[in-house]
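Right, one structure below, let's go through it.
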């Protein structure tokens, strides 16, 4: 089979590369690999050095805060309902990218679609970019693409770092649909209670109309109102569940150290009382 023009050009280019290496440069192995090994070792030493600075300066500081931060912080509270999780700084660009796509309709694009497409393009780079030219001034498309990617990631990282998160922001978007399906759209108390329910971390343990997660055996609350407990009964239960034999659920009443005042307890009670299953 006759050699194509592209194959001949690639073969000649590779031959020129080998000739240049023999005449002016050094082969990749072992010289370049040795340089990479040394650089990796230097990076490890820098990390170890920073860890030592963090540990020893914090250990000897009077307030426990060293040059690179405190040695320890407050213990994690597994029962908290107000903690807003955030990713490490190097995932801020992806973290903020998810804010652009509306949950739940298009969140799949932000979590799987866009990152996967970019990763495939990166992995396929050696196969579709086979030009022998490597000088930046003669590769405008590649250089512009690289600069745009860097600017985009830097911008998204910065926006993600300063973004203010509200607890239960995604669940809050479900409230209008809940009100419509349960038939309490005109009940302002119930709607306000549904918003509190969505934001207070209740859905970390309970499920409601298919949303949330069941944890520690917590029941689904979609039709909890059928039990006939009433608004006041639900308000009292949410305020201090231990009075009713539930020692797992946290106390939400302000008088018991929780975050809901009497009005908010009444609103949550109205919401639960109106939750009698989809109409």
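The values are calculated or read from the model by the stated rules, or taken from the named source; none is laboratory data. Not measured: the values here are computed from a predicted model. Ideal geometry is used to build each Cβ from the backbone, glycine not excepted, and the neighbour counts take in all protein chains shown.
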Any pair with Cβ under 7 angstrom, 6 or more apart, that starts in the range 26-53 at a residue that is closer than 30 Å to residue 67 by Cα and ends at one that is not in a helix (DSSP H, G or I): 50/68; 53/67; 53/68
Within the range 108-130, tally of residues that are in a loop (DSSP other than H, G, I, E, B) and touching a helix residue (DSSP H, G or I) at 6+ places or on another chain (Cβ under 9 Å): 2
Single residue of 135, 139 found to be loosely packed, with under 13 Cβ neighbours inside 10 Å and either closer than 26 Å to residue 12 by Cα or free of Cβ contacts under 8 Å to residues at least 40 places away in the same chain (or both): 135
Of residues in the range 198-208 being in contact with a strand residue (DSSP E or B) (Cβ under 9 Å, 6 or more places away or on another chain) and under 19 Å from residue 267 (Cα atoms), the one surrounded by the fewest Cβ atoms within 10 Å (Cβ to Cβ): 207
Output for the range 248-277, where each listed residue is farther than 18 Å from residue 203 by Cα and surrounded by fewer than 17 Cβ atoms within 10 Å (Cβ to Cβ): 254, 255, 256, 257, 261, 262, 263
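Report, by residue number, each residue of the range 53-78 that is surrounded by 11 or more Cβ atoms within 10 Å (Cβ to Cβ) and part of a helix (DSSP H, G or I).
Step one: of the range 53-78, the residues surrounded by 11 or more Cβ atoms within 10 Å (Cβ to Cβ) are 53-58, 61, 64-71.
Once the filter is applied, which keeps residues that are surrounded by 11 or more Cβ atoms within 10 Å (Cβ to Cβ) and part of a helix (DSSP H, G or I), the range 53-78 yields 53, 54, 55, 56, 57, 58.
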Residues satisfying the stated conditions in the range 170-184, i.e. touching a residue at least 40 places away in the same chain (Cβ under 8 Å), out of contact with any helix residue (DSSP H, G or I) (no Cβ under 8 Å at 6 or more places or on another chain) and part of a helix (DSSP H, G or I): 170, 181
Some residue of the range 247-262 being outside any loop (DSSP other than H, G, I, E, B), touching a residue at least 12 places away in the same chain (Cβ under 8 Å) and in contact with a strand residue (DSSP E or B) (Cβ under 7 Å, 6 or more places away or on another chain): yes
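Out of 159, 226, which single residue is assigned to a helix (DSSP H, G or I) and surrounded by 12 or more Cβ atoms within 10 Å (Cβ to Cβ)? Steps first, answer last, please.
Working: 226 fails: surrounded by 12 or more Cβ atoms within 10 Å (Cβ to Cβ).
That would be 159, the only listed residue that is assigned to a helix (DSSP H, G or I) and surrounded by 12 or more Cβ atoms within 10 Å (Cβ to Cβ).
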Conditions (1) touching a helix residue (DSSP H, G or I) at 6+ places or on another chain (Cβ under 7 Å); (2) more than 30 Å from residue 90 (Cβ to Cβ); (3) surrounded by fewer than 12 Cβ atoms within 10 Å (Cβ to Cβ): number failed by residue 188: (1)
Of residues in the range 206-223 being part of a loop (DSSP other than H, G, I, E, B) and touching a helix residue (DSSP H, G or I) at 6+ places or on another chain (Cβ under 7 Å), the one nearest to residue 178 (Cα to Cα): 209
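Condition test on residue 108, is it without any contact (Cβ under 8 Å) to a residue 12 or more places away in the chain and either within 17 Å of the chain's Cα centre (by Cα) or in the same structural domain as residue 177 (by TED's automatic domain parsing) (or both)?
Taking the combined requirement at face value, the residue satisfies it.
Can residue 194 be described as touching a residue at least 40 places away in the same chain (Cβ under 8 Å) and either touching a strand residue (DSSP E or B) at 6+ places or on another chain (Cβ under 8 Å) or at negative phi (or both)?
In short, yes.
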